[in-house]
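Everything on this sheet refers to the single structure shown next.
The values are calculated or read from the model by the stated rules, or taken from the named source; none is laboratory data. Keep in mind it's a predicted model, so treat the numbers as computed, not measured. Counting neighbours? That spans all protein chains shown, and the Cβs are built from the backbone with ideal geometry, glycine included. For accessibility, only protein heavy atoms count, side chains too; no ligands or nucleic acids. Shrake-Rupley method; radii C 1.70, N 1.55, O 1.52, S 1.80 Å.
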Amino acid sequence: MPGDVHPLEGAAGTEPAARSGPRHVAIIMDGNGRWAQARGRPRLFGHHAGARRVREIVECCPGLGVKYLTIFAFSTENWKRTQTEVAGLMSLFRRYISKEMNALAERNVRVRFIGDRVRLDEKLKALMDKLERKTEGNDGTQLTIALNYGGRDEVARATKRLARDVAEGRLNPEDVDQETLPRYLDTHVLPDPDLVIRTSGEARISNFLLWQSAYAEYEFIDTLWPDFTSEEMARLCNSFGRRDRRFGAIKT
Ligand code: FPP
């Protein structure tokens, strides 16, 4: 927001004014299964409720100054779930993309997918490509959906591409430093996340954005994902603004 006062500044009543909210928020959307079980319903019922939440959270980003939102929809480990749940999730992703395509495009949201697409079905891959193409000119919220994503898998795939560039003479091994690898990651066009939120009370990062989150702040909250509201998102962004991030340096 060039030249603007950050929307979070002074927004917290008697709390000290926020210095700056997170520009990039990444979310591990956990707890759909427990949310459904608590209602005596199948796990997929929880995933559908979780998908409805995604829209509210995407829509609240501009008001919070969050330019980049990255959400963990399906991990490389999630294939181990029952065939019914995996198939239900894949069908939910197809439905979500088809249903939300126009609204996302009209709201100036740019959508990208990260993760390994090879194992995804052709229909889903075609919809992902279509949504990416349809929104590629949008400069509002930059929404990244991690689908068949795993941090270690991403680093392994990036290393393979890097090694190929070395083998084919495009890259000198002496030039490889910590700026080099991120250029090969799925997230190469994104800034690192400032804030990583995990819902549902688990304090784990579960292979999400391993390289990129080296200096992120973490919020592990008890709320189950289908209950996570834009108000809670605002509260977390606000408290981020009052944290003192030093990136390993000392306070001056
Ligand atoms: C974790 O909850 C959630 C998932 C594995 C799927 C995340 C998917 C969504 C929020 C829905 C759709 C997303 C998009 C982008 C349309 P869990 O099943 O592990 O919950 P549990 O820990 O309570 O069992």
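Laid out as a table, the results:
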quantity: Test: residue in the range 13-24 that is open to solvent by less than 30 Å² (accessible area, probe 1.4 Å) and within 9 Å of the ligand (Cβ to nearest atom); calculated: no
quantity: Exclusive hit being closer than 26 Å to Asp222 by Cβ and either in contact (Cβ under 8 Å) with a residue 60 or more places away in the chain or out of contact with any Gly (no Cβ under 9 Å at 6 or more places or on another chain) (or both), set Thr144, Thr135, Thr159; calculated: Thr144
quantity: Every residue from the range 103-117 that is in contact with a strand residue (DSSP E or B) (Cβ under 6 Å, 6 or more places away or on another chain) and assigned to a loop (DSSP other than H, G, I, E, B); calculated: Val109, Gly115, Asp116
quantity: Evaluation of Glu56 against (1) buried (at least 18 other Cβ atoms within 10 Å of the Cβ); (2) touching a residue at least 60 places away in the same chain (Cβ under 8 Å); (3) touching a Phe, Trp or Tyr at 6+ places or on another chain (Cβ under 9 Å) (one fails), failing number; calculated: (1)
quantity: Any chance Tyr96 is touching a residue at least 12 places away in the same chain (Cβ under 8 Å), open to solvent by 30 Å² or more (accessible area, probe 1.4 Å), more than 8 Å from the ligand (Cβ to nearest atom) and within 25 Å of Ala126 (Cα to Cα); calculated: no
quantity: Subset of the range 42-68 that is within 14 Å of the chain's Cα centre (by Cα) and away from the ligand (no atom under 11 Å from the Cβ) - its residue that is nearest to Lys99 (Cα to Cα); calculated: Cys61
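One line per residue, one yes/no per condition, for (1) touching an Asp or Glu at 6+ places or on another chain (Cβ under 6 Å); (2) crowded, with 18+ Cβ neighbours inside 10 Å:
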position: Gly115; (1), (2): no, yes
position: Met128; (1), (2): no, yes
position: Ala146; (1), (2): no, yes
position: Arg157; (1), (2): no, no
position: Arg170; (1), (2): no, no
position: Thr199; (1), (2): yes, yes
position: Glu217; (1), (2): no, no
